[in-house]
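Step one of this worksheet: look at the structure below.
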Amino acid sequence: MTSVKMKKLVQDRLKDENLRFQFDQKNDTLRIEHSETKKGLTVSLPGLIAKWEEKKDAAVDEMIYYIREAVRVMNDEQQLDSKEKKVLPVIRSTSFPTKTNEDVPLVYDDHTAETRVYYALDLGNTYRLIDEKLLQKEKLDVTSIREMAKFNLRSLPITYKKDTVAGNDFYFVNANDGYDASRILNESFLQEFQDKVKGTLTIAVPHQDVLILADVQNETGYDILAQMNMSFFASGRVPITALSFLYENGRLEPIFILGKNRSKGRS
């Protein structure tokens, strides 16, 4: 599967939906936007191809659904009134845009050297990132949005699966509700893990739909976590960071792992 073939496949699936397409051969991306409003999104073709090689048509079906929902939300008028319980935080990389395509600043806070916290209005099957224009319209401030999001995050259920490899325990939070990575902001949850680990608590948010917590009990554990993190990062629909974090004294510190079994350092 080539980028040109994948581009044509996506275009054919969406050809009757009042959309226009722009292929950026240099960056290997496909811009998809509403023909009238010009609002839309950009798809990384290599990332989609990697998923297609693993899941075939199911990967394309998932992306087509995501595109349709995203374009619909961007072109619907949204309100925060009576939706306070629908405001939630989302984690993004520091390379993520800080403004909308219309040059309106998005509402966000710095989190770590690798991540930022944006705020979203949950719409069921998708969500809309909150920008300053929406805040002004609803007569709200950033502090109010931040408090709503923190409160609502604590109400999200947290379940996880455990896997033990080479004497190290790995826990995967994967509810697929769009906010798995956001649970890294739940301080009481992280502290609960900190209190029960036998080794070093190391955390990863490779993409928005998974949170990995590792009880690293030997040097091999760091290598395993690095490999897991890179694999998830490469396959995620919304990648965040391939780096992991040490969790110490209530703080997250990015680390990078060099070589095999031994070398690790702090970013």
Qualifying residue in the range 210-227 (condition: of a type in the set (A, V, I, L, M, F, W, C) and at pLDDT below 90): no
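Each row is one residue, and each column tells you yes or no for (1) at pLDDT below 85; (2) surrounded by fewer than 16 Cβ atoms within 10 Å (Cβ to Cβ).
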position	(1), (2)
V10	no, no
I32	no, no
T37	yes, yes
G40	yes, no
I49	no, no
Any hit, the range 57-75, residues being over 15 Å from the mean Cα position of the chain (by Cα), at pLDDT 90 or above and within 20 Å of V238 (Cβ to Cβ): no
Of all residues in the range 204-241 being buried (at least 18 other Cβ atoms within 10 Å of the Cβ) and in a loop (DSSP other than H, G, I, E, B), the one that is nearest to the chain's Cα centre (by Cα): Q208
Search result, residues across the range 242-251 that are part of a strand (DSSP E or B), surrounded by 20 or more Cβ atoms within 10 Å (Cβ to Cβ) and hydrophobic (A, V, I, L, M, F, W, C): F245
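The rows are residues; the columns are (1) more than 26 Å from Y247 (Cβ to Cβ); (2) surrounded by 18 or more Cβ atoms within 10 Å (Cβ to Cβ).
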residue	(1), (2)
T94	no, no
T98	yes, no
N101	yes, no
D109	no, no
L121	yes, yes
L129	yes, yes
L134	yes, yes
K137	yes, no
Helices (runs of 4 or more DSSP H) lying entirely in the range 132-203 (those with 3 or more residues that are at pLDDT 90 or above): 142-154, 187-196
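The values are calculated or read from the model by the stated rules, or taken from the named source; none is laboratory data. Everything numeric here is computed off the predicted structure, so don't read it as measured data. Glycine also receives a Cβ, built like all others from the backbone with ideal geometry; neighbour counts cover every protein chain displayed.
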